[in-house]
Amino acid sequence: FLKDTPVSVERQAERDQALMGLAQISLEAKRETEAETWLAQVGAGDQQLRARSIRAAILGRKGQIAQGRDLIRSTRAVNPKQVRERTLAEVQFLRQFKLWQSAYDTLTEAVQALEDEDDEELSYELAMATEKVGRFEQAEALLRELIERNPRFHHAYNALGFSLADRNVRLTEAKQLIIKALTFAPEDPFITDSLGWVEFRLGNFNSALTVLEKA
């Protein structure tokens, strides 16, 4: 079944799924070289980007960052949706290895290519990368723009509130932003954690402890 023989599209999809399963078993057993062997056999179907992203991470852990990134970037993309997915995979890889400037450059190019189109996820990722490279005012502007476009986009409220708390500035506003995020996602542990952090920054240590334990 897994031998290199001509197969139909449906059969190829089944084969790729099996290869991904074998790779997962190898990874769980900490046999990364074996996992790479399975992943390298995945064809140019729906599983290819995921397979290459996993292979890229393995290469990155070996110090082969450029090779890992090139592997993702060379993945075939024939429509805007696939280009977007490839960009997000590349950014996730860059984030994993804390290559914030490269992530920022990649996302800036991707968002600029959208022209007048809105893509909340790409814009949000750009804001996060912008904050990581120390461009705090620009990051804040991007997050506020996201909130203006979609007042229910709770990730933007949380990100902006956490950024302010992390820099220990405008803490009252930071708390208000995080509480606003919680009105949309009250059970989100990451937002709850942000609230604990801002309570700590405000000197409300008992409240901070209670909130962080809940998170």
Taking the convex hull of Cα positions in the stretch 68-189, its mean projected area over all directions (nm²): 8.2 nm²
How many angstrom lie between the C-alpha centres of the stretch 57-102 and the stretch 11-34? 20 Å
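Quick one: work out Rg over Rh on the C-alpha atoms of the stretch 85-149, Rh as Kirkwood radius.
Numbers: Rg = 11.1 Å, Rh = 11.7 Å.
Rounded to two decimals, Rg/Rh equals 0.95.
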State the extension gain, in nm to one decimal, for the chain segment bounded by residue 169 and residue 200, taking 0.36 nm per residue of separation less the distance between their alpha-carbons. 9.9 nm
At q = 0.17 1/Å the base-10 log of I(q)/I(0) from the Debye formula over the alpha-carbon atoms of the stretch 156-215 is -0.43
Quick check: pseudo-label points 7 Å beyond the Cα along Cα→Cβ at residue 13 and residue 101, how many nm apart are they? 4.4 nm
Taking Cα centroids, how far is the stretch 106-140 from the stretch 144-215 in Å? 21 Å
222 nm mean residue ellipticity, helices alone, for the chain (DSSP H n ≥ 4; -39,500 (n - 2.57); rounded to 500): -23500 deg cm²/dmol
Order by accessible surface, 1.4 Å probe, largest leading, for residues 118, 16 comes to 118, 16
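Enter the per residue convex hull volume of the chain, computed from alpha-carbon coordinates, in Å³ rounded to the nearest integer.
Numbers: hull volume 34.2 nm³, N = 215.
Roughly 159 Å³ of hull volume per residue.
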GluC sites (Glu not before Pro) restricted to DSSP loop in the stretch 158-199 with at most 15 other C-beta within 10 Å: 187
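Order 213, 140 by their accessible area, 1.4 angstrom probe, all chains in place, largest first.
Details: 213 135, 140 35 Å².
Accessible-area ranking of 213, 140, largest first: 213, 140.
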In whole Hz, with x marking every Gly and Pro, tabulate ³J(HN,Hα) for the stretch 136-149 from phi via Karplus 6.51 cos²θ - 1.76 cosθ + 1.60, θ = phi - 60°. 5, 5, 5, 4, 4, 4, 5, 5, 5, 5, 4, 5, 5, 6
Please report the accessible area of residue 144 (heavy atoms, 1.4 Å probe, ligands and nucleic acids excluded) in Å², nearest 10. 90 Å²
In nm, spacing of pseudo-spin labels at residue 179 and residue 48 (7 Å Cα→C-beta vector): 5.1 nm
State, to one decimal in nm, how far the label point of residue 144 lies from the label point of residue 193, with both points 7 Å from Cα in the Cβ direction. 2.8 nm
Whole number in Å², please: accessible area per residue of the stretch 40-136, 1.4 Å probe, ligands, DNA and RNA not counted. 56 Å²
Please list, in order along the stretch 42-54, the HN-Hα scalar couplings obtained from phi with the Karplus expression 6.51 cos²θ - 1.76 cosθ + 1.60 (θ = phi - 60°), rounded to whole Hz, x for Gly and Pro. 5, x, 8, x, 5, 8, 4, 5, 4, 4, 5, 5, 5
Through the Karplus equation 6.51 cos²θ - 1.76 cosθ + 1.60, θ set to phi - 60°, convert the phi angles of the stretch 78-87 into ³J(HN,Hα) values in whole Hz; use x for Gly and Pro. 10, 8, x, 4, 5, 4, 4, 4, 5, 4
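The values are calculated or read from the model by the stated rules, or taken from the named source; none is laboratory data. Please read these numbers as outputs of a predicted model, since none were measured by experiment. Positions of Cβ are generated from backbone atoms using ideal geometry, with glycine treated the same way; all protein chains shown enter the neighbour counts. Each accessible area value is taken on the protein alone, full model and side chains, heavy atoms only, with ligands, DNA and RNA left out. Shrake-Rupley method; radii C 1.70, N 1.55, O 1.52, S 1.80 Å.
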